[in-house]
Each structure stands twice: as C-alpha cells, then as structure tokens.
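Structure first, then comments.
Throughout, read-outs are computed from the coordinates displayed, never taken from laboratory work. In this text, all values refer to a predicted model and were calculated from it rather than measured experimentally. Here the Cβ positions follow ideal geometry from the backbone for every residue, glycine too, while neighbour counts run over all protein chains shown.
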Amino acid sequence: MIRDLVGAKVGTATFADTHAGVLISGIVSGLGLGAHAVHIHEAGKCEPPFATAGSHYNPGAKHHGFKSPTGPHAGDLPNIQLPAAGTLHFEFLMPDVTLKGPHGMLGPAGASIVIHTARDDYLTDPAGNSGSRQACGVIVAR
C-alpha cells in the first residue's frame, strides 16, 4: 500500500524475487501530472514527511544515479510519468537484488518505496534533485 502525506491511498506495489532480481509491479494515481522519481529506501517506515524511510537502499555504497560513473544505488529506479488520466501501471526490475538473504532488502530494518514530487536527474547525489517525498509504502513479506 502506498499512501500520501495525509494517509490517503495513492497506489499499491508488489515485489517478487526472480532469477534476475526483484520485480516490482504497481499502480499509482492522484500524484499529479508529469514525472516523479521512485526510489527504494533502506527502512520500512513511512511516517510523514517520510524521512523515517531513511536513505536509498544502497548495499554497494555507490553514488546516486544511472548517469553516475560510480552509481547507481540499488534502490534507484526509473522515473514514472503520470498521464493526464492520472493513473499509471508500472513494472521495474531491480537487478542483482533479493528480498531476503544476506543482502536482501527485507533485512532487520525493512525497506520502503518512496515517490517524490519531481523527476530524478539520475546524477545528483544523494537523490537526483527529485523534490520532496510525496508518497511512501512499507515493503512487507507475505
């Protein structure tokens, strides 16, 4: 469940281990037209304004961004682009990541998915100038 700053449900996401990494499938709406950064964060807490989600999931201690020569964080995901209709289905693959295990995202601190107010520039450390945290969902094992 992904919720905004006032606690309203704005989407859902499911996470599944695959042979190539963690597959994320979801749907979001009500976040505003245009591009929004999406990141996986290192803590399974989503208390507004979502600073409790911590920093990006980054077990490899890399720099932020797909354009960084020393990046990206494992939790860096592509931007989403919400259409005029306001609802978007998305799928991402986090390569070489697992949900559980020695370097799994669901360690003792858990993890969360965070959606930001602006697009990620894929370079600026630590979060790509992606604006404030707009929505958050704790990732839980089922």
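Below are the figures for this structure:
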| item | result |
| --- | --- |
| Members of the stretch 14-48 found to be within 19 Å of R119 (Cβ to Cβ) and surrounded by fewer than 22 Cβ atoms within 10 Å (Cβ to Cβ), listed by number | I24, G26, S29, G30, L31, G32, L33, G34, A35 |
| Failed condition for T70, given (1) in contact (Cβ under 8 Å) with a residue 12 or more places away in the chain; (2) in contact with a His (Cβ under 7 Å, 6 or more places away or on another chain) | (1) |
| Residue match in the stretch 104-123 (condition: surrounded by fewer than 21 Cβ atoms within 10 Å (Cβ to Cβ), in contact with a Leu (Cβ under 8 Å, 6 or more places away or on another chain) and among the aliphatic types (A, V, I, L, M)) | yes |
| Close pairs (6 angstrom Cβ cut-off, 6 or more residues apart or separate chains): more than 8 Å from L82 (Cα to Cα) in the stretch 21-47, of a type in the set (S, T, Y) and surrounded by 17 or more Cβ atoms within 10 Å (Cβ to Cβ) anywhere | A37/S130; I40/Y57; H41/S112; E42/Y57; G44/S112; C46/S112 |
| Positions within the stretch 19-35 being closer than 18 Å to I139 by Cβ and touching a Leu at 6+ places or on another chain (Cβ under 9 Å), in sequence order | G21, V22, L23, I24, G26, I27, V28 |
| Some residue of the stretch 79-89 being under 16 Å from the mean Cα position of the chain (by Cα) and in contact (Cβ under 8 Å) with a residue 60 or more places away in the chain | yes |
